[in-house]
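Please read the structure below before turning to the comments.
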Amino acid sequence: MTIDLSKASGRHAERVWTVIAVNARARCKTRLDAALGRTRRGQLARRMLGHVLKVARSVPAIDTVLVVSPERDSIPSDVIVLRDPGVDLNAAFEAGRRAALAAGAHGLLVLPADLPLLSGADLEQLLDAGRRAGVAIAPDRNGSGTNGLYLSLHSGAGMRFAFGPDSRENHEFAARACGLFAQTVVTRGLQADIDTPADYEAVFGTTRSKRASHLESYP
């Protein structure tokens, strides 16, 4: 797919692209089916994506936001969407990295689409740490996963993506293989992803009987 780079701005000397990967609506957050049902878990997934997009686009240091997905669905028309190659999450982010490199980006911020508590301050902290170290990792609330990753596209251009089980440790190992020591950034907004009913309870603190009305008001 050819990306229209006229949509990508060049406001800053150090151009940073943010890449967000999201599955098709029907395949998002299937582990929440029992708690929310298919329709509501799809709605939640798209609302979380909308929130992450809004936050990323509000950060002045981020020049361009790219979504890698098999469908555009509710993604705003002025956001670049790159078709997901359909292999796995790492391949999706790799496609985003190639697009950023082709556009002359200097830094890459990789994010999941399910961070309902994310703030601009969270992303600025991750960006600052990554720019200093070349690589910065934001772990999930269990400390083993990766909910945010910043790479310098100079010193860390060859670092492999390692999303999946124990991705935090695997990303740290991948950084060391590039001669870099990854900085860790821990914030509530970057820790709180939603994959399971337990995650939902931990973030929203709602009981089963209150979920329906709570979901209507999120975000």
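Charge tally for ALA121 (other residues, Cβ to Cβ under 13 Å; Lys, Arg +1; Asp, Glu -1): -2. Quotient of the Cα radius of gyration of segment 39-146 and 2.2 N^0.38 Å, N being its number of residues: 1.07. The stretch between VAL87 and ARG132 holds 13.0 nm of extra length on full extension. This uses 0.36 nm per residue minus the Cα-Cα distance. Taking the Cβ-Cβ separation of THR196 and HIS154 as r and a Förster radius of 45 Å, what is the calculated FRET efficiency to the nearest 0.05? Calculated transfer efficiency: 0.75.
Loop-located trypsin sites (Lys or Arg not before Pro) across segment 5-98 with a Cβ neighbour count of 12 or fewer within 10 Å are ARG11, ARG72, with loop assigned by DSSP.
Taking Cβ atoms as reference points and 14 Å as the exclusive limit, the residues near ARG188 contribute a net charge of -3, counting Lys and Arg as +1 and Asp and Glu as -1. Computed over the chain, the P(r) tail beyond 24 angstrom holds 39 percent of alpha carbon pairs. Give me the angle, in degrees from 0 to 90, between the Cα long axis of helix 167-177 and the longest principal axis of the Cα atoms of the chain, rounded to the nearest 10. Between the helix axis and the principal axis of the chain, the angle is about 0 degrees. For the chain, adding -39500 (n - 2.57) for each run of n ≥ 4 DSSP H residues and dividing by the number of residues yields -11500 deg cm²/dmol at 222 nm.
Relative contact order for the chain: 22 percent, from Cα pairs under 8 Å spaced at least 6 residues apart, divided by residue count. Helix 89-102 against the longest principal axis of the chain: what's the angle in degrees, Cα atoms only, rounded to the nearest 10? With rounding to tens, the tilt is 40 degrees.
Values in this text are rule-based calculations from the coordinates and carry no lab data. Owing to the predicted nature of the structure, the values given are computational and were not obtained by experimental measurement. All Cβ positions, even for glycine, are placed from backbone atoms using ideal geometry, and neighbour counts span all protein chains on display.
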